[in-house]
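The values are calculated or read from the model by the stated rules, or taken from the named source; none is laboratory data. Since the structure is predicted, the reported quantities are computational estimates derived from the model, not experimental observations. All Cβ positions, even for glycine, are placed from backbone atoms using ideal geometry, and neighbour counts span all protein chains on display.
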Amino acid sequence: MLVDTTFILYSGEIVIERIIRQHEDADLKDVMSAWENASKITHPLLPEKFQAQEGKDILELYLPDADTWVTEVDNQVAGFIALMGNEIGAIFLQPEHQRKKIGKLMMDKAQELHGALEVEVFEKNSIGRNFYSQY
């Protein structure tokens, strides 16, 4: 398994360990939890029926065919990025881990693997559009 580790240092002490690694079947519950919780923030205007179908599609269509990486913070899956070639199919992070450069860590890994990246973002997803504008 490929693993990258990043340590965050505070006053010379290691406080938080971040790991990005390839997805394993045992991660599925945590991956779906990250998707569900982050979706409530990034896609609040999408109808509930649409969201339910998206969850089903992630499980049945996207994850089986994607190169999926998870990020761990202190040994707990905090989010994931699913790549289909150089296209970002999904990137979701538990809300409590957003705005801590963990999404950047995942995007940097995707760029390392695939170079130039492509992504489609809902027009009304201002959080996502702002984040992706860096890439």
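Among (1) modelled with pLDDT under 85; (2) among the hydroxyl-bearing types (Ser, Thr, Tyr); (3) in contact with a strand residue (DSSP E or B) (Cβ under 8 Å, 6 or more places away or on another chain), there is one condition Thr68 misses while meeting the rest; what is its number?
Against the list (1) modelled with pLDDT under 85; (2) among the hydroxyl-bearing types (Ser, Thr, Tyr); (3) in contact with a strand residue (DSSP E or B) (Cβ under 8 Å, 6 or more places away or on another chain), Thr68 comes up short only on (1).
If Glu123 meets every condition in (1) modelled with pLDDT under 85; (2) surrounded by 15 or more Cβ atoms within 10 Å (Cβ to Cβ) apart from one, which number is that one?
(2)
What number of residues within the range 46-67 are within 18 Å of Ala110 (Cα to Cα) and surrounded by fewer than 20 Cβ atoms within 10 Å (Cβ to Cβ)?
Looking only at that region, the number is 4.
Could you check the range 42-71 and list, in sequence order, the residues that are closer than 18 Å to Arg21 by Cβ and of a type in the set (Ser, Thr, Tyr)?
If the condition is that a residue be closer than 18 Å to Arg21 by Cβ and of a type in the set (Ser, Thr, Tyr), then Thr68, Thr71 are the ones that fit.
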